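Comments concern the structure below.
The values are calculated or read from the model by the stated rules, or taken from the named source; none is laboratory data. Here the structure is a predicted model, which is why all the values come from computation and not from measurement. Note that we place each Cβ from the backbone using ideal geometry, even for glycine, and neighbour counts take in every protein chain shown. Ligands, DNA and RNA are excluded from the accessible area calculation, which covers all protein heavy atoms including side chains. Shrake-Rupley method; radii C 1.70, N 1.55, O 1.52, S 1.80 Å.
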Amino acid sequence: MAQDLLNAPVISPLEMTDGEFERISRLVMDRCGINLHVGKRELVKARLSKRLRKLGLDSYTAYLRYVEQETDGAELANMLDSLSTNVTYFFREPQHLDHLRDDIVPRLMAQREKDGNRKLRVWSAGCSSGEEPYSIAMVLLETIHDLERWDVKILATDISTRILAKAREGVYEESRFRDTPLVLRDRYFELIDRGPPKVFSAGARLRSLVHFAHLNLMEAWPMRGPFDVIFCRNVMIYFDRPTQTKLINRFSQMLAPGGALIIGHSESLSGVSHKMKQLYPTIYQN
Ligand SMILES: C[S@@+](CC[C@H](N)C(=O)[O-])C[C@H]1O[C@@H](n2cnc3c(N)ncnc32)[C@H](O)[C@@H]1O
């Protein structure tokens, strides 16, 4: 068997000209704001050559023509899928979830009680396979003890249809829970395969709070808002400054007064002009 693998022909990625790389970079930047700098060229080549083979095309120029001529955007979605990074896990950057539990939700609940409007809306923008919105859902279920008296919803969106299908399926191997308090995993997920590896499925209480939808952050947003909390973590790292500035200001407009925007720990809004107040290095308030 090992011998067969050693003798298998090595398929090398198709060559890509400077002009083709520039056209692909421009298309990806225009359609989804992702900045494919020159250092990403080998990665782009490796990932897209698989698409070319699948479609039976022999050059990137032919592939670009195919993407530009299609009318339903299906291959563009495939292309963005193969180029974007969907890495995520439950309880990633848990300090944000601590802030949500200890400061943001209690403050918002007190405010809403005063207004006589028991409604909370959270948006996970760039939710990948669902670990982020389900982590938020677990925190809300643990924090709001009289949830049945509240109208709480989490909107979870992503540009990738492939990753959204995974999120909707809501089935995860145990490794995705490496940073999750086990008591929460066992409270909100059902063990559906004893493994190894063990496999869990999101339970009904989590699923009822989260609504998944396809959304390209660079395009028009169909929802009216406002949102009380917006998580957009580890998404903007791929965007250039002008794209980030535009996006941050659109988020700010979508936030309710007093609402919070949470970005990833490796991201920064320095050099981005906006009107929000910084509560914590990666948490901003309208
Ligand atoms: C690295 S994952 C981050 C997932 C999660 N927020 C977290 O922090 O673990 C980045 C996600 O952003 C999505 N994304 C990238 N560009 C996007 C765009 N223009 N609109 C919507 N989602 C986008 C990708 O598909 C990917 O699932």
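For the chain, lysine pairs separated by 8 or more sequence positions, or belonging to different chains, with Cα-Cα distances below 18 Å total 6. Ligands, DNA and RNA left out, the 1.4 Å accessible surface of the stretch 94-285 is 51% carbon and sulfur atoms. The translational diffusion coefficient of the chain, from Stokes-Einstein at 10 °C and 1.306 mPa s with a Kirkwood hydrodynamic radius over alpha carbon pairs, comes to 76 µm²/s. Quick one: compute the contact order of the chain, relative version, from alpha carbon pairs under 8 angstrom and 6+ residues apart, as a percent. Here the relative contact order equals 17 percent. For the stretch 150-286, the convex hull drawn through the C-alpha positions has a volume of 144 cubic angstrom per residue.
As I understand it, the value is the acute angle between the Cα axis of helix 74-83 and the longest principal axis of the Cα atoms of the chain; what does it come to in degrees, rounded to 10? On a 0 to 90 degree scale, this one is about 80. Computed about the Cα centre, the dipole magnitude for the stretch 39-164 is approximately 420 debye when only Lys and Arg (+1) and Asp and Glu (-1) carry charge, each at its Cβ. With respect to the chain, whose longest principal axis is taken over its alpha-carbon atoms, helix 18-32 is tilted by about 20°. Under 5 Å from the amide H of residue 239 lie the amide H atoms of 35, each residue being 5 or more positions distant or on a separate chain, with H modelled from the backbone and absent for Pro and chain starts. Estimated purely from DSSP H runs of n ≥ 4, each contributing -39500 (n - 2.57), the mean residue ellipticity at 222 nm for the chain is -12500 deg cm²/dmol once divided by its residues. Out of every Cα pair in the stretch 2-83, what percent are spaced more than 17 Å from each other? More than 17 Å apart: 47 percent of the Cα pairs in the stretch 2-83.
How big is the charge dipole of the chain about its Cα centre, in debye rounded to the nearest 20, if each Lys and Arg gets +1 on its Cβ and each Asp and Glu gets -1 on its Cβ?
Taking the Cα centre of the chain as origin, the dipole is about 500 debye.
Highest mean first, the peptides 31-42, 156-167 sorted by other C-beta atoms within 10 Å per residue fall in the order 156-167, 31-42.
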